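One structure is given below, encoded as structure tokens.
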Amino acid sequence: MAASQAVFADTGIKARLMVGMEVHVELSTRSKMFTSAPNVAHPDYYEAGPNTLCDPVVLGMPGVLPVINKRAVEMSMLVGLALGCEIAKQTKWDRKSYYYPDLPKNYQISQYDQPLCHDGQVDIPMDGEGTKTIRIIRAHLEEDAGKLMHEGPGGVKIDHSIVDLNRAGTPLLEIVTEPDFDSAQQAVTFGQTLRNICRSLGVSEGIMQKGHMRFEPNINVIIEKDGQTYKTPIVEIKNLNSFKALHGAIEYEYQRQIEDWLETGRVMKSGAKSTRGWDDVKMVTVLQREKEEAHDYRYFPDPDLVPVVVDDAWIERVRAELPELPLVREKRYTEQLGLNVKDARALIDEPKVCKFFEEVLSAGVEPKRAAAMLLNYGAKRANERGCAIHELGVTPGQIKEIAELAAADKIGSSAADELFGHCCDPRNQGQTAEALAEKHGLLQVSDTGALEGYVKEVLANPKNAKIVGDIQDGKDKAIGALLGQVMKLSKGQANPKLVGDMIKQQVRGS
Amino acid sequence: MDPTKTTLVELRDAIAAKKVSATEATRAYLGRIDRHNGPLHAYHETYADRALQRAADVDGGKITGPLAGVPISIKDNLCTEYGHTTCSSKMLENFQAPYTATAVVKLEQAGAIVLGKTVLDEFAMGSSTENSAFGPARNPWDTQRVPGGSSGGAAAAIAADLCAGSIGSDTGGSIRQPAALCGVVGLKPTYGRVSRYGLVAFASSLDQIGPLTHTVADAALMLQVISGQDPKDSTSAGVPVPDYTEQLDSPPQGLRIGIAKQYLSDANHPAVKRAIDQAVAVYRDAGARIVDVDLPHTEYGISTYYLVAPAEASSNLARYDGVRYGRRSPESTDLISLYSRSRAEGFGEEVQRRIMLGTYALSSGYYDAYYVRALKVRRLIKQDFDAAFESCDAILCPTTPGPAFRFGEKTDSPLAMYLNDVYTVNANMAGIPGISLLGGFASPDGLSHTDGGGLPVGVQFLGPLFEEAKLLRIARLYEAAAGYTHARPSLT
């Protein structure tokens, strides 16, 4: 923000950004929020064709009724607990009315005044060191709308609009924070933290391109000039679905609101919240709606649904499902397991890989070694194959064997990498790593008899006379040249440490 | 036997005993429909082929159950996978549902044969069927008069023996009021007793499906079949379903019948007053105690109802927008005109009036003054009944202030029409069960009473939540004493 302030240095003002966040998370339940139709946010249905995830409830047909998806409520409770929220003992459902073709009933079932989760707080890591606490006002459950499109698939021009209701009725958790962010980066970090939490809880895949998470920051600026404080009008930016857009929109608004204030002196009035959209191409925000009062949603309790009563036993059952949360885990990995922050985060960011890592640890592999193997040998191959590390096929038991073979000097580091690759090969399923090492000739030769033969052959080669002389003169570095030749003769299977010792001993006689 | 001149239970037994076949019974009713539906317009459409096929399956032993072979009708706001579900509205004139209402599924699983769908006030909003977009049903006792509403087609169908039993829906009296005006039995069960899945919603917190029949025993049998919790309706109750048909003829011991002064207005028709007096005498003679109960918030029922019901309706009917199904205006040029023209063309005047009323009541700035206050009064009305049922087993009261009125008599004044539901709406507000029975007759000029013939008037019994079993036994006591069970209009 220092840079931003500099722009206005000559105006004699001090400006502080103030941002609150509304985040929508699509929950990845198997079925929709209020019916058994499949949920497009569940991985099994990502590729479903338009309007195939529909039933009479999704279509809002006459006489059909909503029924609550209990798992969606539990997933929301999980997120609420992870964000330190209170879980309401009783929560109800309200209808939010507005007409739009992607909203089949022309009302959305939401929670107006009794959200499922409220009053929480969560720590986010700060740029430099330490963490910042963000207060959560509420997290409530609702149903998503479908999608209205004004061009055909592949950008084909059409003279009408088309609607895809696959997304209609997907469980949507809306999380609302206090205005606790004073930089765009903090808002982004919160979004990333929340994404990591949701992924580690298994309540969302968090794929931004699919709209699994959408951000709506509420932004204004506190300006101090000549000892007076002014607040610019609050602007809500709608539907940001990438961290880049979130960052860009907040930065842009910060500048725009200060400029607007300098020009017009406009300040915040109660109820006067305007809504803007983000233009990803021009990198500017665009006014959508001037006043919130333009909409009267006519909220009232949905008479088709009964309130959900949450007793302590239910909360405790859900709490028991809570895994170790990402920030706690990061602390444990770095402080107790000795991993560096980069490796720890790389593992934690992929909950399934992280689970696999924990299995490797349980198999008895030393943590740093396990992390290194997964993030080097594993990541490289996963990347090539376009899959995740835990999907490669190598088992924790094989990884343990590879680690043990290396520790016992039975394989070198390049052989370990290659062996890891063989373990990933589906044709080698069910074989031990040791058997594969043997089969592919990766085991180092530590048989002194065989090695001595190679060493003698190399030392006897007249071309090496000068090198042998250097070694005799105490130049250890020269050993490397001969070592290379021995390795070559042994087809890379010689144990290099043993060979080095052998050369020294033979040349220097000690 | 003539299968159309009997009761549902008797017909069921006759078919089971093979004294008459389901096919004969179905043909007999279809024949009567052919002869009489023209002038009465009780049915909007019939399913003769399907009905006869099912009847053949009953006769062939492929379909069995407690209603095997019994021809019934259902109100045209209950969705079925066959035929149309129109709600007597142009909006849904060509609508075919891809699902069947749970209550109808249960009836058919029990072996009932659906003959067709009956006319109603559009979206069940009205008390005369004059709000049907396809013309009203007519009262078999006097075709110049309304059959009541909104389940007017159902009541007319029963009264004219165009089916052995009928299923309607009751949001503010829509089963009981037409039952009274057509001289048949109409039962509104406790809210949550019967699944609403597949019933096109008018006001979700008030709507309840129930039977219209010739006798209390018929109503008990149909209630037995349609009751129970449904995973597709969160508001259906997990309360066990007792046997409503057993012990029907043994009156409850130590019976206390409540009389509320708020229901005994001087404006009630003389025949209505006489019906109540006669009913009181029946219970007194049977050794029951007649107790005065107080329902002080009764007078607020209609105004409260006309906030709650339209508020929910305005939201429930928002889905009819011309986008996915139902009427789409060919005149629309953009999204807003698609919405406004489709709805203006598809909805009749009364439906539009209630959508506007409800939208207003829910609007920001009016919500607290209207909707929230209405909910508070609704609670008070419920508390009135809770208190009253501490001292009585059922409340005896009129179903309507008077007999059937003439077509057009109340159409100029929505308020006069609304007031016809003054004695029925509060049962919906409180969620309690209510049953209307034939209680006597008004003279054809509508000015006094007769001892038979003329225009029927109803008596109503209101009971505590989920106490249908007792309520039916109480009603049966009256029915047995009054002896109106076989009263029928003479059709030309």
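The values are calculated or read from the model by the stated rules, or taken from the named source; none is laboratory data. None of these values were measured; they are calculated from a predicted model. Note that each Cβ is placed from the backbone with ideal geometry, even for glycine, and that neighbours are counted across all protein chains shown. Keep in mind that these areas ignore ligands, DNA and RNA; they rest on the heavy atoms of the full protein, side chains included. Shrake-Rupley method; radii C 1.70, N 1.55, O 1.52, S 1.80 Å.
Just one of the numbered conditions (1) of a type outside the set (A, V, I, L, M); (2) within 13 Å of another protein chain (Cβ to nearest Cβ); (3) open to solvent by 40 Å² or more (accessible area, probe 1.4 Å) is not true of B:G38; which one?
The one condition B:G38 does not meet is (2).
Check whether at least one residue in segment A:116-123 is modelled with pLDDT of 95 or more, of a type in the set (G, A, S), under 25 Å from the mean Cα position of the chain (by Cα) and outside any loop (DSSP other than H, G, I, E, B), and report yes or no.
yes
Take the residues in segment A:263-285 that are open to solvent by less than 70 Å² (accessible area, probe 1.4 Å) and among the aliphatic types (A, V, I, L, M); name whichever of them is nearest to the other protein chains (Cβ to nearest Cβ).
Per the stated criteria, the residue is A:A272.
Could you tell me which numbered condition B:R284 fails, if it satisfies all but one of (1) within 12 Å of another protein chain (Cβ to nearest Cβ); (2) assigned to a helix (DSSP H, G or I); (3) open to solvent by 10 Å² or more (accessible area, probe 1.4 Å)?
Going through (1) within 12 Å of another protein chain (Cβ to nearest Cβ); (2) assigned to a helix (DSSP H, G or I); (3) open to solvent by 10 Å² or more (accessible area, probe 1.4 Å) one by one, B:R284 breaks only (1).
Sort out which residues of segment B:71-98 are buried (at least 21 other Cβ atoms within 10 Å of the Cβ) and within 11 Å of chain A (Cβ to nearest Cβ), and write them in order of number.
The answer is B:N77, B:L78, B:C79, B:T80, B:T85, B:T86, B:C87, B:S89, B:M91, B:L92, B:A97.
In segment A:91-128, what count of residues is obtained for those that are open to solvent by 30 Å² or more (accessible area, probe 1.4 Å), within 13 Å of chain B (Cβ to nearest Cβ) and not hydroxyl-bearing (S, T, Y)?
3
Checking the condition within 13 Å of another protein chain (Cβ to nearest Cβ) and open to solvent by 30 Å² or more (accessible area, probe 1.4 Å), which residue from B:R319, B:R327 passes?
Every option except B:R327 fails the conditions.
Here's a check for you: in segment B:111-144, which residue that is open to solvent by 10 Å² or more (accessible area, probe 1.4 Å) and small (G, A, S) is farthest from the other protein chains (Cβ to nearest Cβ)?
B:G135
Which condition from (1) surrounded by fewer than 17 Cβ atoms within 10 Å (Cβ to Cβ); (2) in contact with a strand residue (DSSP E or B) (Cβ under 9 Å, 6 or more places away or on another chain); (3) small (G, A, S) is the one that A:G248 breaks?
Only one criterion is unmet by A:G248, namely (1).
Within segment A:231-245, work out how many residues are open to solvent by 30 Å² or more (accessible area, probe 1.4 Å) and of a type in the set (V, I, T).
The total comes to 1.
Going by the structure shown, is B:L11 modelled with pLDDT of 95 or more, surrounded by 19 or more Cβ atoms within 10 Å (Cβ to Cβ), in a loop (DSSP other than H, G, I, E, B) and not charged (D, E, K, R)?
Taking the combined requirement at face value, the residue does not satisfy it.
Scan the helices (runs of 4 or more DSSP H) fully inside segment B:316-419 and keep the ones with 2 or more residues being under 18 Å from B:Q262 (Cβ atoms).
Fully inside segment B:316-419 and qualifying: B:373-391.
Give me a count of the residues in segment A:202-230 that are in a strand (DSSP E or B), open to solvent by 10 Å² or more (accessible area, probe 1.4 Å) and either β-branched (V, I, T) or without any contact (Cβ under 8 Å) to a residue 40 or more places away in the chain (or both).
4
Among residues belonging to segment A:54-81 that are more than 11 Å from chain B (Cβ to nearest Cβ) and open to solvent by less than 10 Å² (accessible area, probe 1.4 Å), point out the one that is nearest to A:R195 (Cα to Cα).
Ranking the qualifying residues of segment A:54-81, first place goes to A:V79.
Determine, yes or no, whether B:F389 is over 30 Å from B:N94 (Cα atoms), within 21 Å of the chain's Cα centre (by Cα) and either open to solvent by 10 Å² or more (accessible area, probe 1.4 Å) or not polar (S, T, N, Q) (or both).
No, not satisfied.
What are the residues in segment A:319-374 that are surrounded by 14 or more Cβ atoms within 10 Å (Cβ to Cβ) and in contact with a Ser or Thr (Cβ under 7 Å, 6 or more places away or on another chain), if any?
Selection gives A:P323, A:L325, A:P326, A:A344, A:P351.
Pairs needed: first member in segment B:104-123, of a type in the set (S, T, N, Q); second member anywhere, open to solvent by 10 Å² or more (accessible area, probe 1.4 Å); C-beta distance under 7 Å; at least 6 residues apart or different chains.
B:Q109/B:G65; B:T118/B:H44
Filter segment A:25-50 down to the residues that are under 14 Å from A:V203 (Cα atoms) and open to solvent by less than 20 Å² (accessible area, probe 1.4 Å) and list them by number.
Passing the criteria: A:V25, A:E26, A:L27, A:S28, A:T29, A:K32, A:M33, A:N39, A:A41.
For segment A:293-318, which positions are buried (at least 16 other Cβ atoms within 10 Å of the Cβ) and more than 14 Å from every other protein chain (Cβ to nearest Cβ)?
Those that are buried (at least 16 other Cβ atoms within 10 Å of the Cβ) and more than 14 Å from every other protein chain (Cβ to nearest Cβ): A:V310, A:W314, A:I315, A:V318.
Would you check if there is a residue in segment A:382-392 being open to solvent by 20 Å² or more (accessible area, probe 1.4 Å), small (G, A, S), more than 30 Å from A:V67 (Cβ to Cβ) and under 26 Å from the mean Cα position of the chain (by Cα)?
Scanning segment A:382-392 turns up at least one residue that is open to solvent by 20 Å² or more (accessible area, probe 1.4 Å), small (G, A, S), more than 30 Å from A:V67 (Cβ to Cβ) and under 26 Å from the mean Cα position of the chain (by Cα).
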